[in-house]
Amino acid sequence: MLWAAGVAASPAAAWLNAARDAAGRIRVGPDLRVAGLVNTFSIGDTSLSTAWLGKAVPGLAPAAKQGGAYVAQVIRAEIEGRRAGAPFRYRHRGSLATIGRKAAVADFGFVRLWGAPAWWLWGLIHVGFLVGARNRASTLLNWFWAYLTFGGSARLTSLDDAAEAMRGDAEVLPVISR
């Protein structure tokens, strides 16, 4: 079995006229700042940081979350007139990916799973990270229905839903469409 996915960096490096690598990622310093730009940080898969034991931080959601939390601490320290502290360091806690119906891979270094056990683990962890009981219940119900009906559904939130949520008029939930 072969699974392959590709990603491309956003054009942010070109917008900012910032130094970039061959993939187009913005080269950032140890504190995730963009060199030569005041108060400008770059995190996630649009940036190149060597904060993973000297290697490039992977373009994964957990890496972006850790980078965002770090940058928030740096900004807060600066606002409060404190020194920011240690450089950013990415901590890899493992990888999970679904690759089909009742098929996934999980690699936590000390534990490696594949097939149905990894698929169930992926589902449990994914639901565990959702905010709110309503979102968890809705997601579980949608997944259960898609599983029973062999549905290949896309989970979409429209721009109208997002705009409404930002105004505080509604709660955004995944919308299932076929």
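The values are calculated or read from the model by the stated rules, or taken from the named source; none is laboratory data. These numbers were taken from a predicted model, which means no experiment stands behind them. With ideal geometry, Cβ positions are generated from the backbone for all residues, glycine too; neighbour counts draw on all protein chains shown.
Points to keep in mind about this one:
- The set of residues in segment 43-64 that are part of a loop (DSSP other than H, G, I, E, B) and farther than 17 Å from Ala86 by Cα comprises Ala56, Pro58, Gly59, Leu60.
- Residue within segment 58-69 that is exposed (fewer than 13 other Cβ atoms within 10 Å of the Cβ) and farther than 30 Å from Leu113 by Cβ present: no
- Failed item, numbered, when Gly67 is tested on (1) at pLDDT below 95; (2) not in a loop (DSSP other than H, G, I, E, B): (1)
- Candidates in segment 141-178 are the residues that are among the small types (Gly, Ala, Ser) and surrounded by 14 or more Cβ atoms within 10 Å (Cβ to Cβ); of these, the one that is modelled with the highest pLDDT is Ala146.
- Within segment 41-51, if we keep just the residues that are touching a helix residue (DSSP H, G or I) at 6+ places or on another chain (Cβ under 8 Å) and of a type outside the set (S, T, N, Q), the residue that is modelled with the lowest pLDDT turns out to be Asp45.
- Scanning segment 54-77 for residues that are among the polar types (S, T, N, Q) and free of Cβ contacts under 8 Å to residues at least 24 places away in the same chain gives a single hit, Gln73.
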